[in-house]
Each structure stands twice: as structure tokens, then as C-alpha cells.
Amino acid sequence: MTTPTPLIAGNWKMNGTGPALSEARAIAAGAPTAGVRVALCPAATLVERMATALAGAPVEIGGQDCHSQASGAFTGDVSAEMLREAGATLVILGHSERRAGHGETDEQVAAKVEAALQAGLEPIICVGETRAEREAGRALAVVTDQVRASLPGSLTGKAFTVAYEPVWAIGTGLTPSLDDITEVHQAIRATLVEMFGPAGAAPAILYGGSVKPNNAAEILALPEVGGALVGGASLKASEFLAIVAGTPGV
Ligand code: PEP
């Protein structure tokens, strides 16, 4: 089984209007053409414009969420097919801000993963424990349970990525110890192999939560860390490209 190409994905969250495309263009201009996949996941309103602006550049475009249904009376929602048509090839699903802020369950995340696959999008499926769960010694159990329940069997043979994002590390400047990151990533890998057999060795497992230029290289060098999901630092081309440059082999 070959090692997955690392993926560094920027999650712009609810940030950015037209002028922010200049940062995306700067990221595209500095993105390596080999050894790493670089992706940007802007708000739904920017997906099409960013895909057009970066056409031909070594940057993939992703959505930040999609509905589990292909169409229908779901005011305010966006379907996977709509994202695909707008130029996305990836979609973040089950981000903790969706799980906490919108009450998304593992079952709903799994249904969204199915919808993404139907539309030809590669899902980036987020899991992670809260601070209380870590302090209670339950981080591994919580994360591996989320992996089992959020990843449908239909992912077998499909391209997908899992992102380990401790809730308490997102946007806080806090990160787990390197040993703790390794421990969780190894547990996720073991769970993927348990679920998908040898094919469970293929998907990259990203780390997310306060990845910055000053800590990226040491995190990205850890065993089973196959890239990063980056929030705040992905909004500035110089910071995001410095994180990309920290990928081993780049
Ligand atoms: C995120 O929202 O996925 C994230 C990792 O945010 P930040 O890098 O800002 O902690």
C-alpha cells in the first residue's frame, strides 16, 4: 500500500468575500506542484469564483458542508451536486462547528458522506473530542466511535480523508502534545483498517486545530499525520504557504 499524498486544506469558514480571492491567487502562485495536495474550502458563495480564478493551478477547491439530500425543500442548504457544479472536488463534513452549532450527529454526517460520494466529491470527515472528554480520559474512545459511526461502508474503495480536530484546539492556539496527536492518529488508522481492511491504510489522516507556521513541520512529521486542516492561518497566503512548506518532502 503506497503512502497517501499529504493534503493541506484551508478552511476559510464564514470569512471572505470577493477581495479575498487575491489571497487565494497568492496561494495558487506559491503552491508546490508535487509532493503535496493543497486545497482551499471557502464559503459556498466563493466556491465558483475561486474555482474560476484558480483554474489550472495546483489548488483543489472544497465546500465546508453539504446537505444529505440531492435537492428539495431545504431552505438555506447546499447540495453536494451544487458544490460539484460550482467547481468543488472536495467537501469538509462533520466539522465540530457543524456538530456543535447545528446539532449534527454521526448518522447525519454519514448521510452527508453518502451524498458527497454520489456527487463525486471527496469527503474530508472531521472527528475530535471536547476538552471534557479528553480530561475524562475518553479521547480515543470518542474519536474512534465517531470514525465508526460517521464513515459509511460505501466509502470502500473511494478516495476520502479523515481529519482529527480536537474541539478544544480549534481557534484557541492550543494543541495536543505530539505524543497525543500520534496516539489518536494511530487509533484512527487502526479503526480504518478494522473497518475497510487493507484499504484502510490508504486515506490520509489530517490533523487540525491551531496549526501555524511555527508548529506545522513538527506536527506534519509525526507518524500517521498525512496533512493538516487549517482554519485561521489559511486566510493569509504567507502563513498558509509556510505551513504547506512544512510538509515532509516539500
Ligand atoms: C478548523 O476550523 O478546522 C481549524 C483547524 O481551525 P484553526 O486552524 O483556526 O484552529
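Got a sec to turn the phi values of segment 115-128 into Karplus ³J(HN,Hα) couplings, 6.51 cos²θ - 1.76 cosθ + 1.60 with θ = phi - 60°, whole Hz, x for Gly and Pro? Going residue by residue, I get 5, 4, 4, 4, 8, x, 9, 8, x, 10, 9, 9, 9, x Hz, with x marking Gly and Pro. Between GLU107 and LEU222, the distance separating the two model label sites (each 7 Å from Cα on the Cα→Cβ line) works out to 3.2 nm. Counting every Cα pair in segment 37-128, what percent are over 23 Å apart? Looking at segment 37-128, the distances longer than 23 Å represent 18 percent of pairs. Ligands, DNA and RNA left out, the 1.4 Å accessible surface of the chain is 53% carbon and sulfur atoms.
Computed from backbone phi, the HN-Hα couplings of segment 144-150 come to 5, 5, 4, 4, 4, 8, 9 Hz, rounded to whole numbers (Karplus: 6.51 cos²θ - 1.76 cosθ + 1.60, θ = phi - 60°; Gly and Pro given as x).
Probe of 1.4 angstrom, ligands and nucleic acids ignored: what's the accessible area per residue over the chain, in square angstrom? Please report the intermediate quantities before stating the final value.
Working: 10540 Å² over 250 residues.
I get 42 Å² per residue for the chain.
Near the amide H of GLU122, within less than 5 Å, lie the amide hydrogens of LEU90, VAL91, all on another chain or at least 5 residues away, with H placed in the peptide plane.
For segment 1-88, what class follows from the C-alpha gyration tensor (a ≥ b ≥ c being the square roots of its eigenvalues): rounded when a/c is under 1.5, otherwise prolate if a/b is larger than b/c, else oblate? Intermediate results must be reported in sequence, preceding the final value.
Values: a/c = 2.33, a/b = 1.39, b/c = 1.67.
Taking the square roots of the gyration eigenvalues as a ≥ b ≥ c, segment 1-88 is oblate.
With each label modelled as a point 7 angstrom along the Cα→C-beta vector, the ALA34-GLN186 pair spans 3.3 nm.
Quick one: net charge of ARG131's neighbours, Cβ under 15 Å, K/R +1, D/E -1?
Numbers: positive: ARG99, ARG134, ARG138; negative: GLU129, GLU133, GLU135, GLU165, ASP180.
It works out to a net charge of -2.
For the chain, the alpha carbon positions stretch 44, 44, 36 Å along the principal axes, listed from largest to smallest.
Which peptide among 62-71, 115-124 comes first, and what is the full order, when sorted by highest mean count of other Cβ atoms within 10 Å? Display every interim value, and only then the final one.
Values: 62-71: 20.0, 115-124: 21.7.
Top of the packing list down: 115-124, 62-71.
In a fully extended conformation the segment linking MET195 and ARG138 would gain 18.5 nm over its present Cα-Cα distance, using 0.36 nm per residue.
Only alpha carbons enter this Debye calculation for segment 121-241, each as an equal point scatterer, and the log10 of I(q)/I(0) it gives at q = 0.14, 0.16 Å⁻¹ is -0.56, -0.73. A protection proxy built from the mean count of other Cβ atoms within 10 Å ranks the segments 40-46, 214-220, most packed first, as 40-46, 214-220. Annotated for the chain: lysine pairs at least 8 residues apart or interchain, Cα distance under 28 Å, count 6. Per-residue ellipticity at 222 nm from helix content only, as computed over the chain with -39500 (n - 2.57) for each DSSP H run of at least four residues, stands at -11500 deg cm²/dmol. Across segment 20-27, rounded Karplus estimates of 3J(HN,Hα) from the backbone phi angles (6.51 cos²θ - 1.76 cosθ + 1.60, θ = phi - 60°) give 5, 5, 5, 5, 4, 5, 5, 5 Hz, Gly and Pro being marked x. Close amide-amide hydrogen proximity is noted between ALA43 and ASN15, each under 5 Å apart and 5 or more residues distant or on a separate chain (H modeled in the peptide plane; Pro and chain starts excluded). Close amide-amide hydrogen proximity is noted between ALA228 and LEU7, ILE8, ALA9, TYR207, each under 5 Å apart and 5 or more residues distant or on a separate chain (H modeled in the peptide plane; Pro and chain starts excluded).
The values are calculated or read from the model by the stated rules, or taken from the named source; none is laboratory data. Quantities reported herein were computed from a predicted structural model and do not represent experimental measurements. All Cβ positions, glycine included, derive from the backbone under ideal geometry; neighbour counts span all protein chains shown. For the accessible areas, the whole protein counts, side chains as well, though only heavy atoms, and no ligand, DNA or RNA atoms are used. Shrake-Rupley method; radii C 1.70, N 1.55, O 1.52, S 1.80 Å.
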